[in-house]
Amino acid sequence: MAIKTCRSEPKAKNDMKTFPPDRLTHPTYSDIILSMKAIYPGSFDPITNGHVDVIKRIAKLFDEVVVAVLKNQEKEEFIPLEERIKLVKESVTEIKNISVESFSGLTVKYAKSIGANVIVRGLRAPSDFEYELEMSQINYFLSNGLETLFIMTNPKYSFIRSSRVKELVTLGGEIKELVPDTVYKYLYQKTPLRK
Ligand code: PNS
């Protein structure tokens with residue numbers, strides 16, 4: 001028996017009795033929502049292999065993903081904003097439906113300004129949950145309903161965090177397998193590293 005796809009639309013009015021005849025031919029969520037744009041916000045100071053893995057995976061789930069790099073006035077930057085953006089771009093060149101932008105201020109305001117339907121955040125471990133739960137609730141409240149979706153970090157990368165990379169770089173620890181090549185080269189050229 002041939003299985004009809006969810007996109008099999010009626011050819012003529014008298015064909016209506018076959019549309020939708022059963023669950024298999026019922027329109028799916030992705031047929032109804034024509035375009036899903038996700039925002040993946042973060043400091044990316046620097047981008048790590050864990051971030052890249054999340055970006056690759058969410059690029060398959062959404063039509064468009066905006067990686068939004070925070071220009072944070074309160075936090076001291078390890079890598080200047082323009083360099084962070086360049087490193088993110090260079091780390092995801094092969095992914096087509098991704099763009100990399102900077103933003104400042106509230107994530108929800110920026111998300112609204114670019115028409116994003118959803119915020120995506122990665123969860124590495126249960127210890128991330130408390131902070132992320134609160135942030136997603138604040139964002140939901142502030143935006144009147146913008147959802148945050150969480151994606152579980154690949155266990156291969158669950159111990160990697162930008163702050164740990166910075167510490168290792170400063171103390172001369174090995175980071176080659178923790179970050180994209182471009183970040184590795186950048187950090188070893190631009191910062192006074194001790195290898
Ligand atoms: O990579 P990070 O540092 O964990 O990312 C945190 C980020 C950028 C997602 C978060 O700090 C953020 O959204 N900052 C923008 C200000 C904001 O919207 N804060 C939440 C409501 S107070």
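Values quoted throughout were computed directly from the atomic coordinates according to the rules given, and no laboratory measurement underlies them. Please read these numbers as outputs of a predicted model, since none were measured by experiment. So basically every Cβ, Gly included, is an ideal-geometry build from the backbone, and we count neighbours across all protein chains shown.
Considering only DSSP states other than H, G, I, E and B, which GluC sites (Glu not before Pro) in segment 51-144 qualify as loop sites with at most 14 other Cβ atoms within 10 Å? Intermediate results must be reported in sequence, preceding the final value.
Working: sites: GLU64, GLU74, GLU76, GLU77, GLU82, GLU83, GLU90, GLU94, GLU101, GLU130, GLU132, GLU134; in loops: GLU74, GLU76, GLU77, GLU94.
Answer by residue number: GLU74, GLU76, GLU77, GLU94.
Quick one: which residues, 5+ away or cross-chain, put their amide H under 5 Å from the amide H of LEU123? H built at 1.01 Å from N.
Here ILE151, MET152, THR153 satisfy the definition.
In segment 65-153, which trypsin sites (Lys or Arg not before Pro) fall in coil by DSSP and have 14 or fewer other Cβ atoms within 10 Å?
Here the trypsin sites (Lys or Arg not before Pro) that fit, given the DSSP loop and packing criteria, are LYS75, LYS96.
Of all DSSP beta bridges in segment 34-158, what percent run antiparallel (nearest 5)?
Within segment 34-158, antiparallel bridges account for around 0 percent of the total.
What three numbers, in Å, describe the spread of the alpha carbons of segment 34-158 along their principal axes, ordered from the longest?
35, 34, 31
Which of the pairs LYS37/LYS190; LYS71/LYS176; LYS60/LYS112; LYS112/LYS185; LYS60/LYS190; LYS112/LYS176 have their Cα atoms more than 32 Å apart in this structure?
Correct reply: LYS37/LYS190; LYS112/LYS185; LYS60/LYS190; LYS112/LYS176.
Find out how many positive minus negative residues lie around GLY122, taking Lys and Arg as positive, Asp and Glu as negative, among other residues whose Cβ is under 12 Å from that of GLY122. Numbers along the way, then the final one.
Numbers: positive: LYS56, ARG57, ARG121, ARG124, ARG161; negative: ASP53, ASP128, GLU132.
Around GLY122, the charge tally is +2.
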